[in-house]
Amino acid sequence: MHNEILVISEDTVKDLLTIEDAMKAVEEVLHEKAHHRVQMPPKSYIYFKQYEGDFRTMPSYIQGTNKAGVKIVNVHPHNPQKYQKPVVMATVVLISPLTGAPIAIIAATAITAMRTGAIGGIATKYLARKSSTTLGLVGAGTQARSRAPCPGELRRRLRRAARLPGT
């Protein structure tokens with residue numbers, strides 16, 4: 001039996017995935033996790049001391065949707081200066097829970113940023129006062145940009161405080 005593995009590029013992810021899609025998916029998974037229908041053990045880390053980097057694996061199985069996979073995320077702080085690559089990059093491998101066969105390999109750096117933003121957006125949706133009109137973010141990097149999704153008026157009055165390089 002021949003299994004074809006779908007390979008999805010970072011550009012394709014960026015073209016297809018919206019922050020609204022990410023927020024909906026993350027909220028659904030949080031619901032499943034709250035009902036104990038998600039297996040998600042702690043991250044496992046591998047350190048590359050000589051390169052001052054690491055990667056971590058994050059396996060999960062969402063029983064309610066019958067989806068399983070592992071996200072692999074690296075952190076290499078010197079990448080931008082030395083190799084013109086991002087500090088953080090990610091890959092997702094989806095597998096069939098039924099057979100264990102790989103289904104897809106997805107370039108997931110954008111997915112990782114959107115998932116981070118989606119968590120912030122969902123937290124804001126449920127935890128911010130309804131009368132709030134301003135959202136403050138500390139930092140202006142990828143993490144801060146990804147946390148920008150938020151409801152209504154807060155999105156229009158987003159404020160960021162960033163530390164300048166060298167300060």
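Quick one: would you say LEU16 is under 28 Å from THR99 (Cβ atoms), touching a helix residue (DSSP H, G or I) at 6+ places or on another chain (Cβ under 9 Å) and either surrounded by 16 or more Cβ atoms within 10 Å (Cβ to Cβ) or not acidic (Asp, Glu) (or both)? For LEU16, the condition - under 28 Å from THR99 (Cβ atoms), touching a helix residue (DSSP H, G or I) at 6+ places or on another chain (Cβ under 9 Å) and either surrounded by 16 or more Cβ atoms within 10 Å (Cβ to Cβ) or not acidic (Asp, Glu) (or both) - is not met.
Within segment 64-107, restricting attention to residues that are farther than 19 Å from PRO41 by Cβ and of a type in the set (Lys, Arg), the residue that is nearest to the chain's Cα centre (by Cα) is LYS85. Before we move on, is ASP11 acidic (Asp, Glu), surrounded by fewer than 12 Cβ atoms within 10 Å (Cβ to Cβ) and at pLDDT 95 or above? Spelling it out, ASP11 is indeed acidic (Asp, Glu), surrounded by fewer than 12 Cβ atoms within 10 Å (Cβ to Cβ) and at pLDDT 95 or above. Return yes or no: is ARG115 crowded, with 16+ Cβ neighbours inside 10 Å, basic (Lys, Arg) and within 30 Å of SER132 (Cβ to Cβ)? Yes; evaluated as a whole, the condition is true for this residue. Within segment 25-57, restricting attention to residues that are among the charged types (D, E, K, R) and either surrounded by fewer than 13 Cβ atoms within 10 Å (Cβ to Cβ) or in contact with a Phe, Trp or Tyr (Cβ under 8 Å, 6 or more places away or on another chain) (or both), the residue that is nearest to VAL75 (Cα to Cα) is ASP54.
Each residue in segment 1-44 was checked for being over 23 Å from PRO86 (Cβ atoms) and among the small types (Gly, Ala, Ser), and 1 of them qualify. For segment 87-103, a residue qualifies if it is among the small types (Gly, Ala, Ser) and either more than 14 Å from SER60 (Cα to Cα) or surrounded by 15 or more Cβ atoms within 10 Å (Cβ to Cβ) (or both), and the qualifying residues are ALA90, ALA101.
The values are calculated or read from the model by the stated rules, or taken from the named source; none is laboratory data. As the structure is a computational prediction, the values presented were derived from the model and not from experiment. Neighbour counts are summed over all protein chains in view; Cβ atoms, including those assigned to glycine, are modelled from backbone coordinates with ideal geometry.
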